[in-house]
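What follows is a set of notes on a single structure, which appears directly below.
The values are calculated or read from the model by the stated rules, or taken from the named source; none is laboratory data. Model, not experiment: these values are computed from the prediction. With ideal geometry, Cβ positions are generated from the backbone for all residues, glycine too; neighbour counts draw on all protein chains shown.
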Amino acid sequence: MARVVVLTGVSSAGKSSLARKMQDQAERDWLHVTFDKFISMIPVGRETSPEWFVVRNAAKDPDVPEISFTSGPRGLELRQAMRDFVRVAADRGIDMIVDDVCTTLEVDDYRSQLAGHDLTVVRVDVPLAAAERREKARGDRMIGLTRNQAGRIHEGIDYDLTVVNDDGQLDACAARILAAVDAND
């Protein structure tokens, strides 16, 4: 039985940094699986084409950037392929930290596919202002995506654990998640 932790939260919540910190703190080896890496496999410039992922201006106020990011048909297949990969790797005994932006549909699929494994679904929260600061500071993020996701992605999801990854909390969040996973042993 593999151990799988799914970290889900808005863009720029610090999921990738949290996953790396968990890898640093853990005594066992954890594979870090991130949807950003799956997107990076799409030919450059095509990732925002209608068949992959559609980016639209969703701003209600012209002074406050907000964009939506939705999956086209190939994007949906890629998202499913990532979840299938996680199941196949778990079936082979590989422990994983999955870094993804999930809706109820994706979390339900992870729970279904990973039945029989030790799955922990973690809500990674962050104050919107902190996430938007990170979004701007990184330089490789779509400005306004965090704001759009903040109001909707957690709806209806039954989490096993919630952490608040505010500035300076990375070590504590990683330790708390690892302790929760170890408590399941």
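All conditions but one from (1) over 15 Å from the mean Cα position of the chain (by Cα); (2) more than 22 Å from L178 (Cα to Cα) apply to D95; the one that does not is (2). Against the definition (among the acidic types (D, E), more than 16 Å from I153 (Cβ to Cβ) and in contact with a helix residue (DSSP H, G or I) (Cβ under 8 Å, 6 or more places away or on another chain)), how does D84 come out, yes or no? For D84, the condition - among the acidic types (D, E), more than 16 Å from I153 (Cβ to Cβ) and in contact with a helix residue (DSSP H, G or I) (Cβ under 8 Å, 6 or more places away or on another chain) - is met.
Looking across segment 63-93, the residues that are at pLDDT below 80 and not in a strand (DSSP E or B) come down to D63, P65, E66. Of the residues making up segment 94-115, those that are part of a loop (DSSP other than H, G, I, E, B) and modelled with pLDDT of 95 or more are I94, D95, L114, A115. When R56 is tested against the conditions (1) part of a loop (DSSP other than H, G, I, E, B); (2) within 17 Å of T146 (Cα to Cα), the lone failure is (1). Restricting attention to segment 36-61 and to residues that are within 22 Å of V6 (Cβ to Cβ) and touching a helix residue (DSSP H, G or I) at 6+ places or on another chain (Cβ under 6 Å), the residue that is modelled with the lowest pLDDT turns out to be F53.
Filtering segment 5-20 for residues that are farther than 18 Å from D140 by Cα, in contact with a helix residue (DSSP H, G or I) (Cβ under 8 Å, 6 or more places away or on another chain), of a type in the set (S, T, Y) and surrounded by 15 or more Cβ atoms within 10 Å (Cβ to Cβ) leaves a non-empty set.
For segment 23-61, the set of residues classified as more than 30 Å from A183 (Cα to Cα), acidic (D, E) and loosely packed, with under 15 Cβ neighbours inside 10 Å consists of E51, D61, listed by residue number. Quick one: in segment 162-185, which of the residues that are part of a helix (DSSP H, G or I) and closer than 14 Å to V126 by Cβ is modelled with the lowest pLDDT? Going through the qualifying residues, I end up with L170. Scanning segment 13-43 for residues that are touching a Lys or Arg at 6+ places or on another chain (Cβ under 9 Å) and either closer than 19 Å to E106 by Cα or without any contact (Cβ under 8 Å) to a residue 24 or more places away in the chain (or both) yields A13, H32, T34, F35, F38.
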